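Peer 1: There's a structure below that I have some questions on.
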Amino acid sequence: MSYTTHLKCRQCGRTYEIEPIAGCEDCWAPLEVIYDYERIRSEVPRQSLESRPQTMWRYRELLPLKDDPWVGRLTGFTPLVPAPRLAKALGAREVYLKNDAVNYPTLSFKDRVVAVALSKAREFGFDTVGCSSTGNLANSVAAQAAAGGFKAFIFVPADLEPEKLLNTRIYGATLVKIKGNYDQVNRLCSEISQKYSWGMVNVNLRSFYSEGSKTFGYEIAEQLGWRLPQNIVVPMAGGSLITKVHKAFTELQKLGWIDPAAPKFFGAQATGCSPITTAAKSGNYEIIPQKPNTLVKSLAIGNPADGFYAAKVILESGGAGEDVSDREVVEGIRLLAETEGLFAETAGGVTVATTRKLIRQGQLNPNESMVLAITGNGLKTVGAVSGEFSEADVIRPRLVEFEEQYLNIPAAASA
Ligand SMILES: *Cc1c(COP(=O)(O)O)cnc(C)c1O
Ligand SMILES: [Zn+2]
């Protein structure tokens, strides 16, 4: 069962069979998976989804697999959380958090893309898989490769957070640390992909991998009662997630599953690595590569593969791109934790801080509904906030000491 018809170059339109291929042979642009929407529209009524398990696979007709998923069968359908206390702090009316910090199995939105990529790797007959990663992809490929019985080689910049490194090795994957930034790691992976017959998740499986991101968008629409929010704020690394959420919303309208609507897309980055927001702010799509220098390692891609298309989605939707300093990122993490009890990683701090900035600038209308994409878990980047708190004093187990220390009651007064 599959509704996919072919792959198509986003730039020149050249078409390809469904095969593991890194990009268009003519212009190197990304390839898009094309579906037979007419057939889906006539064969799959929206109501038929309602009785299905609450995972990303309830939208399986819109995903590029022939067979049942090989890995990640329980991934997705994370909570969409109303966030009234955060809304109040931001001066906004209606705020929701799409919380992929609790995605299964490795606590980031990357579990969605890896579930599709490794299931497709199985269909193509690969027994070894790999990826280049800024951290979360590494964790998810390592975990799901273990669960799927693949051998895995994971390539990362050597300066990643220790939690992200450990959360890769624990699954038995071969971790290859590279002296260089993500863009250099990614180039090496392209070379490896040409020499070895491996399923490289973000190289020759990239067009399938990125389709997994669409489920983040389908779920938001379904969880809002088959409606779209008026605004969505998405953190960007390579720019894939934001373009695929846009594709998801467009598909749902094409299928007649939701009423036509025109949500505004806001892209968020850290100022220390902001090639996409820099392009969007100057009003065009041309990406000028940067050398990353930021606390926010998960978004540190200086030469984003989908940057052009991400900037296009943002500007054509009437939204905006904006970036925030590392200090603002930490404030964003704390604000989210203190108002909604949700501990996000640095990318979540980027989303919250950028939302605050956009509202203050008048670029994001606080009277309209907005969804904030929370894409990763704070427990994986504790170093980003550990310096925020001074060591707590240790007291003896005595009531007077507690009262003196924490309630400001002098010892004599309570005696
Ligand atoms: C990978 C990642 C993103 C965004 O990735 P894109 O490359 O833009 O699709 C956002 N947040 C987190 C936590 C990530 O790991
Ligand atoms: Zn092309």
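Each reported figure results from applying straightforward, stated rules to the coordinates on display, with no laboratory input. Predicted model, so just to flag it, every value in this text is computed and none were measured. Neighbour counts run over all protein chains shown; Cβ positions are idealised from the backbone, glycine included.
Peer 1: Starting from the Cα of Ala147, step 7 Å along the direction of its Cβ; do the same at Arg169; then give the gap between the two resulting points in nm.
Peer 2: 2.3 nm
Peer 1: Continuing with this model, one more query. Using 1/(1 + (r/R0)^6) with R0 = 56 angstrom and r between the beta carbons of Met1 and Ala412, what's the FRET efficiency to the nearest 0.05?
Peer 2: 0.10
Peer 1: Continuing with the same structure: Using R₀ = 45 Å, calculate the FRET efficiency as 1/(1 + (r/R₀)^6) where r is the Cβ-Cβ separation of Asp393 and Ala158; round to 0.05.
Peer 2: Once the sixth-power term is evaluated, E becomes 0.75.
Peer 1: Right, next: Given points 7 Å out from each Cα along the Cα-Cβ axis, report the Tyr16 to Thr250 separation in nanometres with one decimal.
Peer 2: In this crude spin-label approximation the distance works out to 1.9 nm.
Peer 1: Let me ask something else about it. Strictly over 21 Å apart at the Cα level, which of Lys179/Lys281; Lys8/Lys66; Lys164/Lys214; Lys164/Lys281; Lys8/Lys244 would you flag in this model?
Peer 2: Beyond 21 Å between Cα atoms: Lys179/Lys281; Lys164/Lys214; Lys164/Lys281.
Peer 1: Go ahead and estimate [θ] at 222 nm for the chain from helices alone: -39,500 (n - 2.57) per DSSP H run with n ≥ 4, summed, over the residue count, rounded to 500.
Peer 2: -11000 deg cm²/dmol
Peer 1: Can you tell me the length gained on complete extension of the stretch Asn284 to Asp26, counting 0.36 nm per residue apart and subtracting the Cα distance?
Peer 2: 90.5 nm
Peer 1: Report the FRET efficiency, 1/(1 + (r/R0)^6), for Asp68 and Val382, where r is their Cβ-Cβ distance and R0 is 35 Å, rounded to 0.05.
Peer 2: It comes out at approximately 0.40.
Peer 1: Can you order the peptides 343-353, 392-402, 280-290 by their average number of other Cβ atoms within 10 Å per residue, highest first?
Peer 2: In decreasing order of mean packing, 343-353, 392-402, 280-290 become 343-353, 280-290, 392-402.
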